[in-house]
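Asks: I'd like to ask some things about the structure below.
The values are calculated or read from the model by the stated rules, or taken from the named source; none is laboratory data. Computed from a predicted model, the values in this text were never measured in an experiment. Note: ideal-geometry Cβ built from the backbone for every residue, glycine included; neighbour counts use all protein chains shown.
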Amino acid sequence: MNASAENYRNTQIMTASPMQLVLMLYDECIRSLKTAIEAFGEPAPENVEKISQNILRAQNIITELVVSLDMEKGGEIAFNLHRLYDFMSDHLMEANLRKNVKPVEDVLDMMAGLRETWGKVAEKEPRNEEGAAAAAPASASGQFAFSG
């Protein structure tokens, strides 16, 4: 990514609302999962590194989503999201170890469903983000980098 695009992306991240940050994480995770799935169709052994890198990237994003959950404010929603994120991460670990595309496809479907749901919430409540407290970062680590 060139310097201008990187500066623009950093500005987007720094000025995004908590809900927008969650949506950005979902989008980036979906992008990584799709790239991993595409890599399964490429000839081995060249595809192994691409598969692993993208699965690990998706797992890192999921970890960021987990640590950003506000368990106090989010209550049952946050608890259920935590369990779902753990399931996804475990599923991706298994996919990476066994180089099996099916778990990656399953996680992509789940992540796409979450993205769609939270996208609808964001559309309905653009100014009131209390409903997003369960999924929105309580305190962003600032360590996650988006690709463009």
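Asks: Search the range 64-114 for residues being outside any helix (DSSP H, G or I) and not hydroxyl-bearing (Ser, Thr, Tyr), and hand back the single one that is farthest from residue 41 (Cα to Cα).
Replies: The residue in question is 70.
Asks: Got at least one residue in the range 68-88 being closer than 11 Å to residue 104 by Cα and either touching a residue at least 24 places away in the same chain (Cβ under 8 Å) or over 12 Å from the mean Cα position of the chain (by Cα) (or both)?
Replies: Checking the range 68-88: at least one residue is closer than 11 Å to residue 104 by Cα and either touching a residue at least 24 places away in the same chain (Cβ under 8 Å) or over 12 Å from the mean Cα position of the chain (by Cα) (or both).
Asks: Testing residue 15 on (1) among the hydroxyl-bearing types (Ser, Thr, Tyr); (2) within 30 Å of residue 124 (Cα to Cα); (3) surrounded by 14 or more Cβ atoms within 10 Å (Cβ to Cβ), one condition comes back false. Which one is that?
Replies: Result: residue 15 passes all but (3).
Asks: Please enumerate the residues belonging to the range 67-104 that are among the acidic types (Asp, Glu) and surrounded by fewer than 17 Cβ atoms within 10 Å (Cβ to Cβ).
Replies: 72, 76, 86, 90, 94 - these are the residues of the range 67-104 that are among the acidic types (Asp, Glu) and surrounded by fewer than 17 Cβ atoms within 10 Å (Cβ to Cβ).
Asks: Condition first: of a type in the set (Val, Ile, Thr), crowded, with 17+ Cβ neighbours inside 10 Å and free of Cβ contacts under 8 Å to residues at least 40 places away in the same chain. Now tell me which residues in the range 34-65 satisfy that.
Replies: 35, 62 - these are the residues of the range 34-65 that are of a type in the set (Val, Ile, Thr), crowded, with 17+ Cβ neighbours inside 10 Å and free of Cβ contacts under 8 Å to residues at least 40 places away in the same chain.
Asks: Counting only residues that are in a loop (DSSP other than H, G, I, E, B) and surrounded by fewer than 16 Cβ atoms within 10 Å (Cβ to Cβ), which one in the range 115-137 is modelled with the highest pLDDT?
Replies: Among them, the one singled out is 125.
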